[in-house]
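Below is one structure; the comments refer to it alone.
The values are calculated or read from the model by the stated rules, or taken from the named source; none is laboratory data. Remember, predicted model here, so these are calculated numbers, not experimental data. Positions of Cβ are generated from backbone atoms using ideal geometry, with glycine treated the same way; all protein chains shown enter the neighbour counts.
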Amino acid sequence: MSGPHGTIVHVTSTPASTSHLADLARLRRVRDRIDREYARPLDVQALARGANMSAGHLSRRFRQAYGESPYAYLMTRRIERAMALLRRGDLTVTEVCFTVGCSSLGTFSTRFTELVGVPPSVYRRQAAPATAGMPPCVAKQVTRPVRNREAQVSAPQLV
């Protein structure tokens with residue numbers, strides 16, 4: 001069927017809402033896979049193949065649904081896990097880098113510094129004493145990395 005300017009009006013016989021819901025379900029599975037397999041080598045191509053989507057479509061839809069690209073989400077998960085390992089204090093920064101699935105110490109350190117505000121080595125020195133005696137679930141919550149778009153909002157001042 002053609003529109004007024006000869007454009008295709010209907011590309012598929014599936015209603016848009018059904019297609020949208022199917023995409024959201026696939027996106028949740030991709031996000032869950034990232035959460036489970038963050039330490040494995042993952043890239044957008046592999047994630048897209050697993051979701052039966054093109055890499056471009058996955059990236060666009062993931063960003064629309066979650067506010068960041070699949071790669072940014074993956075790196076955030078890796079950094080969160082790295083923060084927990086660094087607070088524990090029994091691994092070096094390099095060991096933590098490879099444990100969380102990063103293959104480049106430089107990329108890991110750069111992304112860690114962007115999200116956390118300090119390099120991993122400084123975080124390791126400062127965080128262990130700051131969260132000592134705190135249950136791990138609480139330490140994770142209070143030390144959660146702030147993404148760049150969230151950092152611009154000023155936190156309420158506690159008096």
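Out of the stretch 14-58, which residues are β-branched (V, I, T) and either outside any helix (DSSP H, G or I) or out of contact with any helix residue (DSSP H, G or I) (no Cβ under 9 Å at 6 or more places or on another chain) (or both)? T14, T18 - these are the residues of the stretch 14-58 that are β-branched (V, I, T) and either outside any helix (DSSP H, G or I) or out of contact with any helix residue (DSSP H, G or I) (no Cβ under 9 Å at 6 or more places or on another chain) (or both).
If you check T99 against the conditions, is it at pLDDT below 95 and of a type in the set (S, T, Y)? No, not satisfied. Just so you know, in the stretch 31-57 the residues that are of a type in the set (A, V, I, L, M) and within 14 Å of the chain's Cα centre (by Cα) include one that is modelled with the lowest pLDDT, and it is L42. The residue pairs whose first member lies in the stretch 66-83 and is over 12 Å from R111 (Cβ atoms), whose second member is among the acidic types (D, E), and whose beta carbons are closer than 7 Å, counting only pairs six or more residues apart or on different chains, do not exist in this structure.
Filtering the stretch 84-114 to residues that are free of Cβ contacts under 8 Å to residues at least 24 places away in the same chain, of a type in the set (A, V, I, L, M) and assigned to a helix (DSSP H, G or I) leaves L85, L105.
Filtering the stretch 59-80 to residues that are of a type in the set (D, E) and more than 12 Å from R31 (Cα to Cα) leaves only E80. Can you find a residue that is under 16 Å from the mean Cα position of the chain (by Cα), at positive phi, small (G, A, S) and outside the structural domain of V138 (by TED's automatic domain parsing) anywhere in the stretch 62-69? Within the stretch 62-69, one or more residues are under 16 Å from the mean Cα position of the chain (by Cα), at positive phi, small (G, A, S) and outside the structural domain of V138 (by TED's automatic domain parsing).
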